[in-house]
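Student: Right, I'll just put the structure down here and ask away after.
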Amino acid sequence: MNRAEVFERLALDREDPALQRLLDQLDAQAPADWRVLAAGLALRFAGGSLRGASKHSEGGTVLPRVIGISGGQGAGKSTLAALLVDALQRLGVRAATGSIDDFYLTLDERRELARTVHPLLVTRGVPGTHDVGLCRRTLRALQGSGWVALPRFDKGRDDRCPRDAWPRVRAPLDCFVLEGWCLGAPPQPEAHLASPLNALESFEDPGGRWRGFVNQALMGEYAQLWAQVAFWLYIRVPDMAAVTRWRTQQEQSLPAERRMTTEQLDRFVAHYERITRWMFETMPERSDIVVVLGADHGLVSTQVRHTG
């Protein structure tokens, strides 16, 4: 999809001086269609109700508006989130971004889950391996005032960074862009859990205890977190082969001693296959915007349901 088509799908006036100015200010190294998408959304959000309260509240406390960006591993969620926040800030909107990955349970906490529930839970990623309470408390803190520390997770060490290494933002925020591979995923019907989906499930979870635990997590605290998201953007990757390929590319950015082997990476991605495939089916109808990617990582189409 070229830039003109992105303009058209988002109902943007390509001659708008404010839009052109914003595009010129965004990272020129980023893909052109991502910059158009980020700039267009930022203009619409900033010109709408973004500065007001989110339509969601919790215990009488109004939260900043949360924008959720979800999609398969390597889809470009972090890139788009960073561009969107940059564009919003340039428009005077108090915005910040974070990843659901930064709210993983610590390694010790996951080892305890592996001991008491199922060995597969030592591997970060699936629902049930995040500190959802910490995420929700962070969102509440962003509604207050003063400096708020945003958790960070070191994937190389497979553990949460020390608190003194967490970046800080000043609250209150107008919006927070939360991105993550499983964001918005609904639980599966019980019947879907009966049969193993891949070799990992067949040999390491034949009885379904692990996938049942993950699904139960989606029914509970994750659903409560998803309810705090006011706007959903889903990046639809072409297939699981693309997820593996793009996740391999991400791995190359790590120091050599921390990279997974091909076999380790294939097993790692298999942990996410069930929910990734389920999101292929369910997220388009749950999202305000669906961005479809091709095998070359280019933007193939943009389906817009709502942009305000």
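The values are calculated or read from the model by the stated rules, or taken from the named source; none is laboratory data. All of these numbers come straight from a predicted model, not from anything done at the bench. Because the Cβ atoms are built from the backbone with ideal geometry, glycine has one as well, and the counts that use them run over all protein chains shown.
Student: Quick test for you: out of Ala53, Ala46, Ala75, pick the one residue that is modelled with pLDDT under 90, over 30 Å from Arg267 (Cβ atoms) and in a loop (DSSP other than H, G, I, E, B).
Tutor: Only one candidate qualifies: Ala53.
Student: Still on this model: Check region 211-223 and report whether any residue there is within 20 Å of Thr79 (Cβ to Cβ), buried (at least 21 other Cβ atoms within 10 Å of the Cβ) and among the β-branched types (Val, Ile, Thr).
Tutor: no
Student: Would you please list the contacts, defined by Cβ atoms under 7 Å and residues six or more apart or on different chains, that run from a residue in region 274-290 that is among the basic types (Lys, Arg) to a residue that is buried (at least 19 other Cβ atoms within 10 Å of the Cβ)?
Tutor: Arg274/Arg211; Arg286/Gly184; Arg286/Trp232
Student: Still on this structure: Tell me which helices (runs of 4 or more DSSP H) are completely within region 219-295 and hold 1 or more residues being closer than 21 Å to Leu121 by Cα and small (Gly, Ala, Ser), or say none if there are none.
Tutor: 221-226, 262-286
Student: Count, please, the residues in region 90-137 that happen to be crowded, with 19+ Cβ neighbours inside 10 Å, under 17 Å from Arg163 (Cβ atoms) and over 16 Å from the mean Cα position of the chain (by Cα).
Tutor: 1
Student: Right, something else. Does Leu134 meet the test of being touching a helix residue (DSSP H, G or I) at 6+ places or on another chain (Cβ under 7 Å), within 24 Å of Gly71 (Cα to Cα), without any contact (Cβ under 8 Å) to a residue 40 or more places away in the chain and assigned to a helix (DSSP H, G or I)?
Tutor: Spelling it out, Leu134 is indeed touching a helix residue (DSSP H, G or I) at 6+ places or on another chain (Cβ under 7 Å), within 24 Å of Gly71 (Cα to Cα), without any contact (Cβ under 8 Å) to a residue 40 or more places away in the chain and assigned to a helix (DSSP H, G or I).
Student: From the list Leu173, Leu197, Leu178, Leu183, which residue is in a strand (DSSP E or B) and touching a residue at least 40 places away in the same chain (Cβ under 8 Å)?
Tutor: Exactly one of Leu173, Leu197, Leu178, Leu183 is in a strand (DSSP E or B) and touching a residue at least 40 places away in the same chain (Cβ under 8 Å), namely Leu178.
Student: Looking at Arg140, Arg124, which is the one that is part of a helix (DSSP H, G or I) and out of contact with any Asp or Glu (no Cβ under 6 Å at 6 or more places or on another chain)?
Tutor: Within the list Arg140, Arg124, the selection yields Arg140.
Student: List pairs: first in region 252-264 and among the small types (Gly, Ala, Ser) and surrounded by 10 or more Cβ atoms within 10 Å (Cβ to Cβ), second in a loop (DSSP other than H, G, I, E, B) and modelled with pLDDT of 80 or more, Cβ under 6 Å, 6+ apart or cross-chain?
Tutor: Short answer, once both residue conditions are applied: none.
Student: With respect to Pro162, is the statement that it is free of Cβ contacts under 8 Å to residues at least 12 places away in the same chain, surrounded by fewer than 18 Cβ atoms within 10 Å (Cβ to Cβ) and more than 23 Å from Ala185 (Cα to Cα) true?
Tutor: yes
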